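The values are calculated or read from the model by the stated rules, or taken from the named source; none is laboratory data. The structure presented is a predicted model; accordingly, all values stated were derived computationally and were not measured. Cβ placement follows ideal geometry from the backbone for every residue including glycine, while neighbour counts extend to all protein chains displayed. For the accessible areas, the whole protein counts, side chains as well, though only heavy atoms, and no ligand, DNA or RNA atoms are used. Shrake-Rupley method; radii C 1.70, N 1.55, O 1.52, S 1.80 Å.
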Amino acid sequence: MSAALHRYLDRLARVMGVRPTCESVVRLWEAAGRPGSLHLLDAGTGGWAVVSSLLRWADRTGVRIAITRLEPDPQACMRAARRFAGEPRVRVVQGDRRQLRPASADIVAALGLLRGLPPVQVPWMLLHWREAARIGVVAVEPWGFSAGDVAELRSYPGLEELRYRRRRWFCGQITLAVASPPCGRWRDGRAGR
């Protein structure tokens, strides 16, 4: 596949993933009782469309939103910081999406990141994001997952309640609510029953 075609398909996938990502964030927010404030950790939604769309949604609904955009690459971090300069609700930080603090955001969102990982790392990444989220995780994959992949993900402790929705065309979305702490642990670190 040519580099130009690859870039075109990547852009197409990201554009098609904006709506499912935003819809899933809103669903998790509603399921949490529509809190007046929301902190979203953007672990990699690509481009700026998801963040811009969520800012518009917050303006319409009156939700006080804070978005922390995590960028592993210094150049991408600088570009994102310039893009959102003057927007106090968006903070851009350079960091590793594999090293998030527990309960550091209400919702962790990602678009197209899981397919780029070796298959053995996907459940670990979802569990890590789940631990970092107080409400839940949204992971949209433009190329989707097979039924076997989803069944395998649900076989991991802490991912049994994973929800998967295949959308039109070829987009799949994973939603993981943090209804109970993963792996039998409470949020404050005490062991569960």
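Observations on the structure shown:
- F145 - accessible surface, heavy atoms, 1.4 Å probe, Å² rounded to 10: 20 Å²
- Length available on full extension from Q75 to R134: 0.36 nm per residue minus the Cα-Cα distance, which gives 18.3 nm.
- Pairwise label distance in nanometres, D96 with R83, each label 7 Å out on the Cα-Cβ vector: 2.4 nm
- Heavy-atom accessible area ranking, 1.4 Å probe, most first, across I107, I135: I135, I107
- Where D96, D106 fall by accessible area, highest first, once all protein chains stay in place (1.4 Å): D96, D106
- Distant alpha-carbon pairs in the stretch 108-156 (separation over 18 angstrom), percent: 24 percent
- Taking a ≥ b ≥ c as the square roots of the eigenvalues of the Cα gyration tensor, the stretch 56-96 is classed as prolate, since a/c reaches at least 1.5 and a/b is larger than b/c.
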